[in-house]
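The values are calculated or read from the model by the stated rules, or taken from the named source; none is laboratory data. As the structure is a computational prediction, the values presented were derived from the model and not from experiment. Neighbour counts run over all protein chains shown; Cβ positions are idealised from the backbone, glycine included.
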Amino acid sequence: MYLSEVGEVVRVEGSAHGCAGELSTWNGQVPMEEGRVTLYSEPGKHAFAASSEALRSNFAITTICCGERAGSGTILVQDMFAAELADLKPYDHHVARKYMESKAFKPSYHFDQIFDLRSVEMMPWEELKASIPSRVRAVLKELRSEAKGVKAVFLDSGDTLIDESSQIFVEGELVLSAEPIPGGDKLVDWLKERGYMVALVADGLVESFENVHKAMDFWHKFDARSISEAVGCHKPDPRMFLEAVKLLGLEEQDYAGCVMVGNNLERDVAGANRLGMKSVWINWTPRYPKEPANQDEVPDYTIGLPHQLLDVLEDIDAKA
């Protein structure tokens with residue numbers, strides 16, 4: 001806001017989606033009401049205008065952004081805060097997305113709520129800038145504490161996503177290609193569409209999974225990958241599961257919200273159960289034992305095909 005020498009408002013600037021510009025009514029007047037500057041705020045977005053008509057011109061895209069696209073993307077970190085917030089993990093972005101999804105709405109474009117900024121606490125820019133990273137962390141901590149249900153889905157690969165009997169090997173253990181089990185090539189997409197974080201937790205060579213999963217177009221869709229060659233051990237070693245936990249930014253109190261899905265009772269189910277994670281056994285292959293050898297190998301859930309996992313996750317979420 002710019003004032004004349006006698007204290008009259010002569011010009012007003014406002015922000016709209018990261019840009020600042022002069023705001024005036026259709027006839028070039030400063031937007032004033034009862035001697036005070038009055039601006040209109042775009043529903044659900046950070047944009048101001050001098051009139052409601054200016055905001056209504058973006059009705060269609062604003063409605064989409066406030067509704068079906070609420071929570072899309074990740075936490076927006078401007079360059080000035082990149083260093084302070086460089087350690088944000090996938091789970092931070094996940095809880096932020098879920099919160100925004102829960103706040104989706106359809107704008108009414110009835111501008112009948114008044115916010116009197118005289119009640120807003122003002123502070124110098126440098127002080128405000130310094131407070132933002134700690135404020136972001138405080139909000140994320142609160143969102144974490146309120147999050148319930150499934151926190152992440154850990155997926156094995158062999159006979160869970162791909163058919164082990166179809167693997168083509170070169171140079172010994174390296175897998176060149178393979179075919180999916182029914183629905184295995186779509187499972188990661190189905191999970192991501194429903195807003196779940198997904199990690200690969202599998203035994204084998206990194207290049208093997210790259211070869212097979214890239215061909216099925218879901219290698220890049222994992223939020224984290226814990227692969228035995230890179231970790232230095234095999235399931236059911238807890239380090240395989242804890243590597244995925246660390247990469248996602250989860251903590252020990254989140255174990256109960258982690259769901260491990262695999263074909264092997266000894267490796268996948270027992271490994272998850274011992275950490276207090278949920279275990280889902282996919283009973284698809286004839287290649288491994290089908291009877292638990294001990295209590296650790298008893299799965300929480302049993303499915304026959306990948307698509308049935310979606311109902312299991314809904315059940316876990318509902319119970320939470």
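Here V136 meets the list (1) surrounded by 13 or more Cβ atoms within 10 Å (Cβ to Cβ); (2) under 29 Å from E84 (Cα atoms); (3) assigned by TED's automatic domain parsing to the domain that holds G271 almost entirely, failing just condition (3). The set of residues from the range 218-273 being surrounded by fewer than 22 Cβ atoms within 10 Å (Cβ to Cβ), over 21 Å from R287 (Cβ atoms) and β-branched (V, I, T) comprises just one member, V231.
No other residue among K106, K98 is part of a helix (DSSP H, G or I) and either touching a helix residue (DSSP H, G or I) at 6+ places or on another chain (Cβ under 7 Å) or not small (G, A, S) (or both) apart from K98. Only one residue in D116, D79, D163, D159 is in contact with a Phe, Trp or Tyr (Cβ under 6 Å, 6 or more places away or on another chain) and farther than 23 Å from K246 by Cα, so which one is that? Every option except D159 fails the conditions. With respect to S72, determine if the residue is closer than 24 Å to I132 by Cα and not in a loop (DSSP other than H, G, I, E, B). When the stated conditions are applied, S72 does not pass them.
Put simply, of I64, I114 the only residue that is more than 21 Å from the chain's Cα centre (by Cα), surrounded by fewer than 16 Cβ atoms within 10 Å (Cβ to Cβ), among the β-branched types (V, I, T) and within 30 Å of T25 (Cβ to Cβ) is I114.
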